[in-house]
Amino acid sequence: MLRPYVGPARVVVGFDGSDDSYRALAYGVDEALQREAELVLVHAVDDTVLNSAWGVVFDPDEIRDGAAAMLVKAVDDALAAGLPRQRIRTEVVLGNPAAALTRLSDRASLVVVGRRSAGTGEKAIVGSTAVGVVGASHCPVIVVSGDDVARPERTGVIGVAVDTAARGAVALEWALTECAHHGGRVVVLSVCRAPQGRWFSGGHPTPEQQQAAVDVTRNRMADMVSEITEDYPGVDVTLEVAYGSPLDILVGRTEELDLLAVEVHASFPTYSVGGLIRGLLSYGRCPVGVIRPKDSHGS
């Protein structure tokens, strides 16, 4: 069950001056305005930058001054978008960026970060900061990218990936809560995974067998989803079930969504995330909202 957030409305944005972080800034400002929340702009300087492999030691004060100047530009953008100055705070920290944002997430409604992918196209790999934050954050994290589909305004549609093992139930609660408070509708997405390698019969499932799997999954999902959605009678919810590769199908649907919400099941000590989450963060064409069902609150 989704644990409610108790505390002041606060949106934390990781900002490093990159194109993706400017996208995160714009998204975070929009969320802060919508939630009447405080905006916290965070620039974290990784420890490895301070002591380079070439033996050059950087001055921490100089690093802080440069980061503060960068954040001034971000503040100017937030002010231009209509956010009052008294609701904007900046913070420069020396240390691992993912750890810094995770620490701040405990008292935040939402964390927004850019995905900062390495590589392009099919070889893109989401950056370590985004992966680290979604694996350990205490609140929902929204990962955005300059590659997201540009829309003049939001469509109001949140997609939620859920499976028959109830993975995604907390993400669904989060999405329903967001729509109940801010408007919009929810599309629950479930995918019957195509068999990998040789199927047990020595061949591929026939179209009839694929449809039978979809029908069974739809019935199971309908029962599970209805138990959750009955507490949100004012939110429009539809259920879609497809057959194939979960990553391919979910990435394809991101072309049409405002947000794709998923759960991440990461645990101490590594807080590593699975291949599906990494794939969605790397290739999704809309912001991806990630929540940990364990030790995480809603927004």
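Taking each DSSP H run with n ≥ 4 as -39500 (n - 2.57) and averaging over every residue of the chain yields -12000 deg cm²/dmol at 222 nm. In this Cβ point-charge picture (+1 for Lys and Arg, -1 for Asp and Glu), the chain has a dipole of about 380 debye about its Cα centre. In loop segments of the stretch 211-241 as defined by DSSP, the GluC sites (Glu not before Pro) with at most 11 further C-beta atoms inside 10 Å of their C-beta are Glu230.
Scanning the chain for chymotrypsin sites (Phe, Trp or Tyr not before Pro) lying in DSSP loops with no more than 14 further Cβ atoms inside 10 Å, the longest uninterrupted stretch between such sites is 59-198. Basic side chains Lys and Arg get +1 at the Cβ, acidic Asp and Glu get -1 at the Cβ, and with that the dipole of the stretch 63-113 about its Cα centre reaches some 140 debye.
Between the beta carbons of Asp295 and Ala165, assuming R0 = 22 Å, the FRET efficiency works out to 0.65 to the nearest 0.05. With contacts taken as Cα pairs under 8 Å at a separation of at least 6 residues, the chain carries a relative contact order of 23 percent. For the pair Val216 and Arg85, label points projected 7 Å from Cα toward Cβ lie 6.4 nm apart.
When the Cα positions of His204, Leu247, Val216 are compared along the charge dipole of the stretch 151-267, His204 comes out farthest toward the positive end, with charges on each C-beta of Lys, Arg, Asp and Glu. With 0.36 nm allotted per residue and the present C-alpha distance subtracted, the Ser128-Gln34 stretch has 30.9 nm of extension available. Extension gain, Glu240 to Leu276: 0.36 nm times the residue separation minus the Cα-Cα distance gives 11.1 nm. Round to the nearest 0.05 the FRET efficiency obtained for Asp77 and Ala150 when R0 = 22 Å and r is the Cβ-Cβ distance. Rounded to the nearest 0.05, the efficiency is 0.80.
Each value in this text was obtained by applying a stated rule to the coordinates, not by laboratory testing. In this text, all values refer to a predicted model and were calculated from it rather than measured experimentally. Note that we place each Cβ from the backbone using ideal geometry, even for glycine, and neighbour counts take in every protein chain shown.
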